[in-house]
Amino acid sequence: MRVRLSTLGCRLNEAELAGWSRAFEARGCRISGEGEAADLIVVNTCAVTAEAVRKSRKLLRRLQREHPRARTVVSGCAVSLEQEQLGELGVDLVVPNRDKDRLVPIAQQALALPLMPEAATEPGAAALFARGRQRAFVKIQDGCRYQCSFCITTRARGAERSRSIAEICREIDQLVADGVQEVVLTGVHAAGYGSDSGASLSELLTAVLADTEVARVRLGSVEPWGLPERFWALFENPRLMSHLHLPLQSGADSLLKRMARRCKTAEFARLVETARAAVPNLTITTDLIVGFPGESDAEWAQTLAFVEAIGFGDLHIFSYSPRPGTAAAEMPNQVPAEVKRARGRELHVLARQLKRTWLARQLGSVQSVLIEGSPSGPGNRENQFGYTPGYLSVRVATGGAELNNRIIPVRIEQVLDRPADALDQPADSQLLGRPAEAINPI
Ligand code: SF4
């Protein structure tokens, strides 16, 4: 059976898709790529914004047009929140979020899929590498106990539930056997890992570093509160990557209060101080919402000042859009679009400055880089690119050596500034480096 898998949204959706891909392959299915024939379509939807729901429907319709005789299975947050709307689209099976970890056996039974485990070839990361991915997202937990006023995820994904440490390590072992060098541990509330099982994120990381051979372990987004004991000491292991994405959302306490966020600016600043003291050369990035209801000029000025004072390595900037079903969508004083745009531009300028400052601090250092391919596609091997432990993108002058999926020491020599281009790509900066040692061909 040929299965076409597709997803939108967060890394957790991506991790779930990778898990389904391996489960289908283990049952003798072949994973179809773009433009290839398929007998079954599986879509993992997103509902973080109303726009994401619209895109989920659009993706589903496109795949149904491309594969008119295929059966359709739909899961994800849009299913949990907008089931009736998706039901209209003639899908054969809807798998709500609470059951999505068992989507493959559920689909096999509900649709009487003629799966042939005996025909299975070793499930591999082929699908992952085929998508030019050298790192795999690994789901560690789902759900969240908090109620941030702008967030629909907590409603769509429900209460916190953690996968067992053994199950996660088994999955990583399989990925390592398939040649994956780096895993990204991801969840809705990663710091809450084990809240339902008595384990903790520190225990999980300790086990992954001790019991698996994976070369690099990276953490996905981690809410800036509730980090377990011994967390910082774990970064003494060079296999745990020195990058933390800590969503701040705003730099004004009065606004954080309206967002119902657990972490105010003073706590955030203390957390960053502790992190930097514990982890050398740690890249800290964050999420920021622009134009949250009632965001005053004074609150905006506080946000700009606080963000600059923290000195993030990069910013992910989101323009607030009311998400039906959230408390914030009902709040008064929604910020006009032109004000959001102006503030967004201001924050992008600050983001570029902060990133450039952080990149400049890497000059002259030697860092291990996982090579992920060529900036201008296969065939151009003069330059390849990859990421440092701090998740900084580096263009590496490799002189023609094929280094895909290899981890090599790179001397950071320059910061490349790329102006905004005709494709409306915003200006950006990237590191340039050379292999710090002679490359031994494999
Ligand atoms: S902690 Fe994160 S996932 Fe949970 S409600 Fe807040 S924003 Fe949503």
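The values are calculated or read from the model by the stated rules, or taken from the named source; none is laboratory data. Bear in mind the structure is a predicted one, so any value in this text is a computation, not a measurement. FYI the Cβ positions are ideal-geometry reconstructions off the backbone, even for glycines, and counts take in every protein chain you see. When the accessible area is computed, the model is the full protein with side chains, heavy atoms only, and any ligands, DNA or RNA have been set aside. Shrake-Rupley method; radii C 1.70, N 1.55, O 1.52, S 1.80 Å.
Listed residues Glu338, Glu413, Glu402, Glu372; which is of a type outside the set (Val, Ile, Thr) and closer than 29 Å to Thr49 by Cα? Only one candidate passes the filter, namely Glu338. Taking (1) buried (at least 21 other Cβ atoms within 10 Å of the Cβ); (2) modelled with pLDDT of 90 or more; (3) not acidic (Asp, Glu) in turn, His67 satisfies each apart from (1). Take the residues in the stretch 289-333 that are open to solvent by less than 50 Å² (accessible area, probe 1.4 Å) and among the charged types (D, E, K, R), then tell me which one is nearest to Ala252 (Cα to Cα). Looking at residues that are open to solvent by less than 50 Å² (accessible area, probe 1.4 Å) and among the charged types (D, E, K, R), I get Glu299. When the stretch 49-64 is limited to residues that are of a type in the set (Lys, Arg) and open to solvent by 70 Å² or more (accessible area, probe 1.4 Å), the one that is farthest from Leu5 (Cα to Cα) turns out to be Arg54. Scanning the stretch 323-345 for residues that are touching a Pro at 6+ places or on another chain (Cβ under 7 Å) and at positive phi yields one hit, Asn333.
Among the residues of the stretch 335-348, not a single one is touching a Leu at 6+ places or on another chain (Cβ under 6 Å) and not small (Gly, Ala, Ser). Pick from the stretch 240-261 the residues that are open to solvent by 10 Å² or more (accessible area, probe 1.4 Å), more than 16 Å from Phe150 (Cα to Cα) and not in a loop (DSSP other than H, G, I, E, B): which of them is farthest from the ligand (Cβ to nearest atom)? Checked the stretch 240-261; the qualifying residue farthest from the ligand (Cβ to nearest atom) is His243. Scanning the stretch 185-198 for residues that are of a type outside the set (Ser, Thr, Tyr) and either in contact with an Asp or Glu (Cβ under 9 Å, 6 or more places away or on another chain) or within 15 Å of the ligand (Cβ to nearest atom) (or both) turns up Gly187, Val188, His189, Ala190, Ala191, Gly192, Gly194, Asp196. Is it the case, given these coordinates, that Ile41 is assigned by TED's automatic domain parsing to the domain that holds Leu89, touching an Asp or Glu at 6+ places or on another chain (Cβ under 9 Å) and open to solvent by less than 30 Å² (accessible area, probe 1.4 Å)? Judged against the criteria, Ile41 is a match. Among residues of the stretch 165-183 being surrounded by 20 or more Cβ atoms within 10 Å (Cβ to Cβ) and not in a helix (DSSP H, G or I), the one that is nearest to the ligand (Cβ to nearest atom) is Val183. Taken together, the residues in the stretch 219-239 that are on the phi > 0 side of the Ramachandran plot and within 12 Å of the ligand (Cβ to nearest atom) amount to 1. Applying the set (1) surrounded by fewer than 14 Cβ atoms within 10 Å (Cβ to Cβ); (2) at pLDDT 95 or above to Ile408 leaves exactly one unmet item: (1). Glu267: within 16 Å of the ligand (Cβ to nearest atom), assigned by TED's automatic domain parsing to the domain that holds Ser200 and either buried (at least 19 other Cβ atoms within 10 Å of the Cβ) or assigned to a helix (DSSP H, G or I) (or both), yes or no? No: the conditions fail for Glu267.
The set of residues in the stretch 368-392 that are modelled with pLDDT of 95 or more and open to solvent by 20 Å² or more (accessible area, probe 1.4 Å) comprises Ser368, Tyr387, Pro389, Tyr391.
For Asp287, indicate whether it is without any contact (Cβ under 8 Å) to a residue 60 or more places away in the chain, under 17 Å from the mean Cα position of the chain (by Cα) and closer than 21 Å to Thr357 by Cβ. No; evaluated as a whole, the condition is false for this residue. Scanning the stretch 141-164 for residues that are among the hydroxyl-bearing types (Ser, Thr, Tyr), under 20 Å from Pro322 (Cα atoms) and more than 6 Å from the ligand (Cβ to nearest atom) yields one hit, Ser149.
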